[in-house]
1. Net charge near residue 102, counting Lys/Arg +1 and Asp/Glu -1 over other residues with Cβ under 12 Å of its Cβ?
2. Of (i) 21.5, 70; (ii) 19.1, 66; (iii) 19.0, 60, which one was derived for Rg and Dmax of the Cα atoms in Å from the structure shown?
3. Net charge around residue 140, counting only other residues with Cβ within less than 14 Å of its Cβ (Lys, Arg = +1; Asp, Glu = -1)?
4. Rank 230, 166, 138 by how far each Cα sits towards the positive end of the charge dipole of the chain (+1 on Lys, Arg Cβ; -1 on Asp, Glu Cβ) and give me just the farthest.
5. Could you tell me which of 179, 83, 198 has its Cα farthest along the dipole of the chain towards the positive end, charges placed at Cβ (Lys, Arg +1; Asp, Glu -1), taken about the Cα centre?
6. Roughly how many debye, to the nearest 20, is the charge dipole of region 111-254 about its Cα centre, given +1 on each Lys and Arg Cβ, -1 on each Asp and Glu Cβ, and no other charges?
7. Under a point-charge model restricted to the Cβ atoms of Lys and Arg (+1) and Asp and Glu (-1), what is the dipole moment magnitude of the chain relative to its Cα centre, in debye to the nearest 20?
8. Considering the options 246, 92, 189, tell which one lies farthest towards the positive end of the dipole of the chain, charges being +1 on Lys and Arg and -1 on Asp and Glu at the Cβ, about the Cα centre.
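Values in this text are rule-based calculations from the coordinates and carry no lab data. Values in this document were obtained by computation on a predicted structure and should not be read as measured data. Cβ placement follows ideal geometry from the backbone for every residue including glycine, while neighbour counts extend to all protein chains displayed.
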Amino acid sequence: MVRAAGEKLLHRLASQEVSGTQNVERSPDSAEALKDQGTKYFHAGKLSAAGSYYRRAILAKPDFAEAHNNLGTVLRKRGSPQSAIASFQTALLLNPQSGSTYGNLGNLHERYGNLAQAETYYLKAVALSPELYQGFVGLARIAAGRQRWEEALGALTRASAIAPQSASILHQTGVVYLSKGDLPAALNNLLNATSLEPKNAVIKACLADVLYRQGKTDEARVQAEESLAIDPSESVAKMVLEKISAPDADPPQT
């Protein structure tokens, strides 16, 4: 039944036409080039252009699992979860061993609060692709949300072994230590994270929060203001500054 469904899907994909796309050569080489171009736009934050190139790659090669997976990521970021799920499911039908696609499904379900389903997908992702750290980070977030601190830190240790210079892993580790109440460890990880990504408003805001909780209000103010200079909408940075500016405000005792 699955095989028949797959053949039917591939037949349907092969007959699709992408609006506004003409004279696209149906070959693996052109599909790869189109996918690469889409990825360049994706990393530049130009999601509409990225999606267009991924669709063109699919038109050139309908069974291109990676292009379906990448298109799903674009759709997720653009707030179209059902369309994203459809793209991810198509990618898995074409390549059932894709840990990356399972990880993307985990991210999507986690974002919309389906934590049990997200955890299942993350576990599948790390089983299939243990060289990708994102699945371990996802598992860490879910474990931390359930206050399973050691499990969360263990997953982040696995992730850090894969990508030791990842600011996002250091940031997440800092968040776990902060939630756990270990402010020195949180501070250490967040300082390392911001040294790797000094223009990351979210990391700076989290660092400001930790500094404030340690009673270092002057340093906290600097980090919060730098965070808001990068992203004026950063809510944690605003909260820290409001606490510092409140009359007779005293930082939490540690």
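1. Numbers: positive: 124; negative: 119.
Around residue 102, the charge tally is 0.
2. The value computed from this structure is option (i).
3. Values: positive: 141, 146, 148, 158, 180; negative: 110, 119, 150, 151.
Computed value for this residue: +1.
4. 138
5. Projecting each Cα onto the dipole axis, the largest value belongs to 83.
6. Numbers: 14 positive and 16 negative charges, 91 e Å.
Its charge dipole is roughly 440 debye.
7. Working: 27 positive and 25 negative charges, 157 e Å.
Around 760 debye, computed over the chain.
8. 92
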